[in-house]
Amino acid sequence: MTKEKPPQLDLTKGRTKKEAVTLWLETFDDWCILQGFRNTKKNPSDKEHWKKDHYYEEIAAFRLGLPHDVRLMVSTKIAPTLTNEENGATANETYSGFPWVWEKKLKDEYTVQDTVLADNLTFNVQVIQE
């Protein structure tokens, strides 16, 4: 198990920001495995893949890997949508203490941005053509 700094997200390392975030999350997941934060005997879709005694270390590493502007966005846009409720119907998607929630929210943020930009571009092209 190594104790090196987490990989750094660089939004210029992809054709789109979505692609850069997706590639970084894959690299971050591998880094977490090397740190011993994950149970590789469990499937990543299984909650037990994520070792509970490392949740907060992993969240801290995730945040440390973000550039300043992305971390600011996460703090102001994503963090306020998270809850302190570990149990309940939406806990796996909203509880701030689950590392996978932070990853999913970041990925969703950049997926939605690409979709909105694409939708706007399509609309503008249609208006121009008419």
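The values are calculated or read from the model by the stated rules, or taken from the named source; none is laboratory data. All values derive from a computational prediction rather than experimental measurement. Every residue, glycine among them, receives a Cβ derived from its backbone with ideal geometry; neighbour counts consider all protein chains shown. Surface areas here come from the heavy atoms of the whole protein model, side chains and all, with no ligands, DNA or RNA. Shrake-Rupley method; radii C 1.70, N 1.55, O 1.52, S 1.80 Å.
Figures for the structure shown
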{"quantity": "Residue list for segment 75-91, filter: part of a helix (DSSP H, G or I) and open to solvent by 80 Å² or more (accessible area, probe 1.4 Å)", "calculated": "Thr76, Lys77, Pro80"}
{"quantity": "Qualifying residue in segment 64-74 (condition: crowded, with 17+ Cβ neighbours inside 10 Å, modelled with pLDDT of 95 or more and in contact with a Cys (Cβ under 9 Å, 6 or more places away or on another chain))", "calculated": "no"}
{"quantity": "Members of segment 62-74 found to be of a type outside the set (Gly, Ala, Ser), part of a loop (DSSP other than H, G, I, E, B) and either within 14 Å of Glu103 (Cα to Cα) or more than 16 Å from the chain's Cα centre (by Cα) (or both), listed by number", "calculated": "Leu66"}
{"quantity": "Given (1) open to solvent by 40 Å² or more (accessible area, probe 1.4 Å); (2) assigned to a loop (DSSP other than H, G, I, E, B); (3) modelled with pLDDT under 95, number of the condition Gln8 does not satisfy", "calculated": "(3)"}
{"quantity": "Residues being under 18 Å from Gly97 (Cβ atoms), aromatic (Phe, Trp, Tyr) and surrounded by 15 or more Cβ atoms within 10 Å (Cβ to Cβ) - total across segment 29-61", "calculated": "3"}
{"quantity": "In segment 15-36, the residues that are within 16 Å of the chain's Cα centre (by Cα) and in a loop (DSSP other than H, G, I, E, B)", "calculated": "Thr16"}
{"quantity": "Residue check, Glu103 open to solvent by less than 20 Å² (accessible area, probe 1.4 Å), among the acidic types (Asp, Glu) and part of a helix (DSSP H, G or I)", "calculated": "yes"}
{"quantity": "Where a residue in segment 84-113 is within 29 Å of Gly14 (Cβ to Cβ) and its partner, wherever it lies, is open to solvent by less than 20 Å² (accessible area, probe 1.4 Å) and not in a helix (DSSP H, G or I), with Cβ under 9 Å and at least six apart", "calculated": "Asn92/Phe98; Pro99/Phe37; Leu106/Leu9; Leu106/Leu66"}
{"quantity": "Only one of Glu48, Glu58 that is modelled with pLDDT under 95, part of a helix (DSSP H, G or I) and of a type in the set (D, E, K, R)", "calculated": "Glu48"}
